[in-house]
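Asks: One structure, pasted below without further comment.
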Amino acid sequence: MPDTTPSLTLVAELASLESATEFARCGAVAAGLPEDCWGHLDLVVEEIFVNVVRYAYNPGTAGVVELTYSVPRPGLLSIEIADRGAEYDPMTLREPNLSCALNERSVGGMGVFLVRQLTESLDYRRDGGWNRLRFGISAASAASASQ
């Protein structure tokens, strides 16, 4: 049986972000996610995609970003964003100390914190030279993040 998992390969540059977001929204439609969840989905895709563009590859090095999606069950969208850049496991980051004033916090980590808050699941693996970050998003995870 052929693999029918939708996928999209893009150049790792900010100009590709709109295509990545459109692809994720196709997944949202396939999963039956209501449109009021799409803003959260856009934010998660943007955070992960922009981090890949900015940090995965050495400056001046052409890189790629591969996106795939699946619908494990109606109402749940699973997206994987993969790159061949420097190994980086965002799951090892500590959660930021939100009780500190902004000027007292360490730089970095808020994007991963935000992604964790907006998604139902988040996991990372390094596989054959690829960083693979997979997240699941549903109407329930988007709604709980809005509260």
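Asks: Please turn the phi angles of the stretch 30-47 into ³J(HN,Hα) values with the Karplus equation 6.51 cos²θ - 1.76 cosθ + 1.60 (θ = phi - 60°), one per residue in order, whole Hz, x for glycine and proline.
Replies: Per-residue couplings from phi come out as 4, 7, x, 6, x, 4, 5, 8, 5, x, 5, 4, 4, 5, 5, 4, 4, 4 Hz.
Asks: What shape does the stretch 7-146 take by its C-alpha gyration tensor, where a ≥ b ≥ c are the square roots of the eigenvalues and a/c under 1.5 counts as rounded, a/b above b/c as prolate, and the rest as oblate?
Replies: oblate
Asks: Can you pull a Stokes-Einstein diffusion coefficient for the stretch 1-62 at 37 °C (0.692 mPa s), Rh from Kirkwood over Cα pairs, as a whole number of µm²/s?
Replies: 255 µm²/s
Asks: Treating the beta-carbon of each Lys and Arg as +1 and of each Asp and Glu as -1, no other charges, what is the dipole magnitude of the stretch 7-146 about its Cα centre, to the nearest 20 debye?
Replies: That gives the stretch 7-146 a dipole magnitude of about 320 debye.
Asks: Shifting gears a bit: Return a whole-number percent for the relative contact order of the stretch 7-146, with Cα pairs under 8 Å and 6 or more residues apart as the contact set.
Replies: Working: 226 pairs, mean separation 35.6, N = 140.
That works out to 25 percent.
Coordinate-derived values only; no laboratory data. Being a predicted model, the structure only gives us computed values, none of them experimental. Heads up, the Cβs are rebuilt from the backbone with ideal geometry, glycines too, and the neighbour counts pull from every protein chain shown.
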